[in-house]
1. Can you confirm whether the range 142-163 contains a residue that is closer than 30 Å to Ala107 by Cα, in contact with a strand residue (DSSP E or B) (Cβ under 6 Å, 6 or more places away or on another chain), surrounded by 17 or more Cβ atoms within 10 Å (Cβ to Cβ) and free of Cβ contacts under 8 Å to residues at least 60 places away in the same chain?
2. Among (1) under 14 Å from the mean Cα position of the chain (by Cα); (2) in a strand (DSSP E or B); (3) of a type in the set (A, V, I, L, M), which single condition is Met199 missing?
3. Kindly indicate whether any position in the range 80-89 is part of a helix (DSSP H, G or I) and surrounded by 15 or more Cβ atoms within 10 Å (Cβ to Cβ).
4. Which pairs have Cβ atoms under 9 Å, sit 6 or more apart or on different chains, and link a residue in the range 309-327 that is in the same structural domain as Leu122 (by TED's automatic domain parsing) to one that is modelled with pLDDT under 95 and acidic (Asp, Glu)?
5. Which ones in the range 283-308 are at pLDDT below 95 and of a type in the set (S, T, N, Q)?
6. So which of Arg353, Arg298 is charged (D, E, K, R), in contact with a strand residue (DSSP E or B) (Cβ under 8 Å, 6 or more places away or on another chain), within 25 Å of Phe261 (Cβ to Cβ) and assigned by TED's automatic domain parsing to the domain that holds Glu223?
7. Looking at Leu24, Leu66, which one is part of a strand (DSSP E or B) and under 25 Å from Asp108 (Cα atoms)?
Amino acid sequence: MAQPASNPPDLQLPRAGVRSAQVLVACQTLEPTLSFLVQTLGFQVDAIFPADNPTTAMLSAHGVALRLVQGAAGGATDLYLLCDDPAAAGATQLTAPNGLRIHLVAADPPMRQPATRQALVLTRGAGADAWGVGRAGMRYRDLVPDRLGGAFIASHIRILEGGPVADYVHFHKIRFQAIFCRKGWVRVAYEGQGAPLVMREGDCVLQPPMIRHRVMESSPGAEVVEICTPAEHITIADRSLPLPNADLQPGRDFSGQRFVFHVAADGAWAPWRVPGFEARDTGIGHATAGLAGVRVVRPLAGTNATTQSHDTEFCFYFVLAGSVTIDIDGAAQILGVDDSITIPGGMAYALNRCSTDLALLEVTLPESFETTSTATSNN
């Protein structure tokens, strides 16, 4: 492996007055690669030298600058051109005379939604070894490691140090994305929502597809649980929209969904689909036209265990407080704080021996579904 170059400790690059950047492209002879870049790819020559026998050409187009150097070693091997319709060119890959590979790819790639491959997934709230370092130094704990075939991702995210977050305005190409505040607080600015909002423990937001947003600040040790489909999705920066701003458009449609900021303190409790429990609904089902539902569930006194199964694409529980025994597929699984379980559609299970302080975060796709329930025994 090549060793990093030794740089002067007092390097002051801004003083050099950097104007632009170029990518080296090597060739054995300047022609015919120069002609290919100009005539086929639409580059223009910005400089060429020496005049009597050129060996170096500076070219630019499509937001990139190249430095074509005859006899140079190394250099770029691939160039990607972002196109509105790559297929319209008649080919999606070209090869320059010097061997440079040109890839024609979509400038605005579509969201790709894999088919859901359902599975029973139990994830324990283990110690430090369960956390990995992710974007911006945040700690991530994977709650659905196999991604259900690439269809879903669920993450427990921890911000160790509070204060300003080095984030930028961006959006995601997703089908569904919800964020539940587990601990502490997070300040976030959203497109069309006016002043920044502060998510506190128990609060939840629905981030509709394509909504611009920026994380601004958090408390030390803040935690959130994030659920998203598809698992691998595109994040795109938007440098044209400053956030926060004064634009306020409540009820605005974002790709068929509406932004939701559910404040736990203002939530109302109502009977859950299973007798003996109640739930605080976040309103996400209504805002997504029934695509998904997000609720907090807790037991009532004297709850009876009820075996249930339902026709769901996705059913996920995260233990926020207390403990519960889930009788499933002939086995009893005791879940405690920060444990999670994903249950396939059609599989029978029962929430049993619930502690009095049990609180579960439930996320389902769709919001409403057919359920088969049978009372079995006392907790």
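The values are calculated or read from the model by the stated rules, or taken from the named source; none is laboratory data. Only a predicted model underlies this, so the values are computations on that prediction, with no experimental measurement involved. Because the Cβ atoms are built from the backbone with ideal geometry, glycine has one as well, and the counts that use them run over all protein chains shown.
1. no
2. Only one criterion in (1) under 14 Å from the mean Cα position of the chain (by Cα); (2) in a strand (DSSP E or B); (3) of a type in the set (A, V, I, L, M) is unmet by Met199, namely (1).
3. From the range 80-89, those part of a helix (DSSP H, G or I) are 86-89; that's our starting set.
Imposing the further condition that a residue be surrounded by 15 or more Cβ atoms within 10 Å (Cβ to Cβ) reduces the set to 86.
Within the range 80-89, one or more residues are part of a helix (DSSP H, G or I) and surrounded by 15 or more Cβ atoms within 10 Å (Cβ to Cβ).
4. Listed pairs, sorted by first residue: His310/Glu370; Asp311/Glu370.
5. Those that are at pLDDT below 95 and of a type in the set (S, T, N, Q): Thr303, Asn304, Thr306, Thr307, Gln308.
6. On the way: Arg353 fails: within 25 Å of Phe261 (Cβ to Cβ).
From the options Arg353, Arg298, the qualifying one is Arg298.
7. Working: Leu24 fails: under 25 Å from Asp108 (Cα atoms).
Unique residue meeting the criteria: Leu66.
Conditions tested, residue by residue: (1) at pLDDT below 95; (2) closer than 28 Å to Leu360 by Cα; (3) in contact with a Ser or Thr (Cβ under 7 Å, 6 or more places away or on another chain).
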{"site": "Leu148", "(1), (2), (3)": "no, yes, yes"}
{"site": "Ile157", "(1), (2), (3)": "yes, yes, no"}
{"site": "Gly163", "(1), (2), (3)": "yes, no, no"}
{"site": "Phe176", "(1), (2), (3)": "no, yes, yes"}
{"site": "Ile179", "(1), (2), (3)": "no, yes, no"}
{"site": "Arg182", "(1), (2), (3)": "no, yes, no"}
{"site": "Trp185", "(1), (2), (3)": "no, yes, yes"}
{"site": "Ser240", "(1), (2), (3)": "no, no, no"}
{"site": "Asn245", "(1), (2), (3)": "no, no, no"}
